[in-house]
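Let me begin by presenting the structure, written as structure tokens, before commenting on it.
The values are calculated or read from the model by the stated rules, or taken from the named source; none is laboratory data. Small disclaimer: the values here were computed from a predicted structure and weren't measured. Please note: Cβ atoms are built from the backbone with ideal geometry, for glycine as well, and neighbour counts cover all protein chains shown. Protein only, heavy atoms only, side chains kept; ligands, DNA and RNA dropped before computing areas. Shrake-Rupley method; radii C 1.70, N 1.55, O 1.52, S 1.80 Å.
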Amino acid sequence: MSSLTSSNAAPLTIEIWSDVLCPFCYIGKREFEQALSRFEHRDQVRIEWKSFELDPNAPVRSEEDTYTMLARKYGMTRADAQARSAGVADRARTLGLQFNMDKAVIANSFDAHRLIQLAKAQGLGDAAEERLFNAYFTDGVCISDHAELVKLGVEIGLDASAVSAMLTSDSYSEAVRTDEYEAQQFGIRGVPFFAIDRKFAVSGAQSADHLLGALQHAWRERSTAEVSK
């Protein structure tokens, strides 16, 4: 766990930079949820999802499948890419997640992030993250397809016309870019990335035990600071 610079504030605020195309971000979400369920002060925690694009230059929809993309990106064989993906899917399965990597559609995630920003404005940020993760990794949905994004938005309680209007404009683009700029300022190069009160940070899909320890440490530090005032 490394340090960030900020001051204490109530409630304990956890900002999570994430991309819905990132398998470790979905795994990290589940690990964090398990940690939070065991955290004594979980009712005094505020969670905010932050946008991060693993590949901002990705095409709207790629002709490559997951294995071809991984083989090209990491200089491995297709068989090695399939084996690596299977290993990630196995870990996901231990957390109750079903990764169907054969069905995954490689796409640009920018509009999906704009949908999350819209959802956040209505208190549905976590629901949007969860549904988009599931849509990509389990259902094989192309998350850059506007019709699909409207459907997903409606599923979590957003108004179809509001989602459509957002997608046909540049609404929430600045919010996405602001999150990404903040990530650059913090030196975040990989996700998931958990910032606790902007004072402590955990990078990567760490175990629930590790994340719980980070939450407890941050809470103790806050309590100590309050007593010393």
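Need the failing condition index for F186 against (1) modelled with pLDDT under 95; (2) under 17 Å from I47 (Cβ atoms), just the number. In the conditions (1) modelled with pLDDT under 95; (2) under 17 Å from I47 (Cβ atoms), F186 misses (2) alone.
Of everything in the range 106-118 that is open to solvent by 20 Å² or more (accessible area, probe 1.4 Å) and either touching a Phe, Trp or Tyr at 6+ places or on another chain (Cβ under 9 Å) or hydrophobic (A, V, I, L, M, F, W, C) (or both), the residue that is farthest from E33 (Cα to Cα) is I106.
Please indicate, with yes or no, whether at least one residue in the range 122-130 is buried (at least 22 other Cβ atoms within 10 Å of the Cβ), part of a helix (DSSP H, G or I), modelled with pLDDT of 95 or more and of a type outside the set (S, T, Y). Scanning the range 122-130, I find at least one residue that is buried (at least 22 other Cβ atoms within 10 Å of the Cβ), part of a helix (DSSP H, G or I), modelled with pLDDT of 95 or more and of a type outside the set (S, T, Y), so the answer is yes. Can you go through R131, R84, R78, R72 and tell me which one is more than 16 Å from the chain's Cα centre (by Cα), within 30 Å of A208 (Cβ to Cβ) and of a type in the set (K, R)? The match here is R84.
For K29, are the conditions met, namely being touching a Phe, Trp or Tyr at 6+ places or on another chain (Cβ under 9 Å), of a type in the set (D, E, K, R), assigned to a helix (DSSP H, G or I) and closer than 30 Å to T178 by Cβ? So K29 passes the test.
For the range 92-104, give me each residue that is within 16 Å of L70 (Cβ to Cβ) and either open to solvent by 20 Å² or more (accessible area, probe 1.4 Å) or at pLDDT below 95 (or both). Selection gives N100, M101, D102, K103. Which one is surrounded by the most Cβ atoms within 10 Å (Cβ to Cβ) among residues in the range 42-84 that are of a type in the set (D, E, K, R), free of Cβ contacts under 8 Å to residues at least 60 places away in the same chain and in a loop (DSSP other than H, G, I, E, B)? Only one residue fits best here, namely D65. Between A214, A201, the distinction of being in a strand (DSSP E or B) and either modelled with pLDDT of 95 or more or buried (at least 21 other Cβ atoms within 10 Å of the Cβ) (or both) belongs to A201 only.
Scanning the range 153-171 for residues that are closer than 18 Å to E129 by Cβ, open to solvent by 80 Å² or more (accessible area, probe 1.4 Å) and either in a loop (DSSP other than H, G, I, E, B) or at pLDDT below 95 (or both) yields a total of 0.
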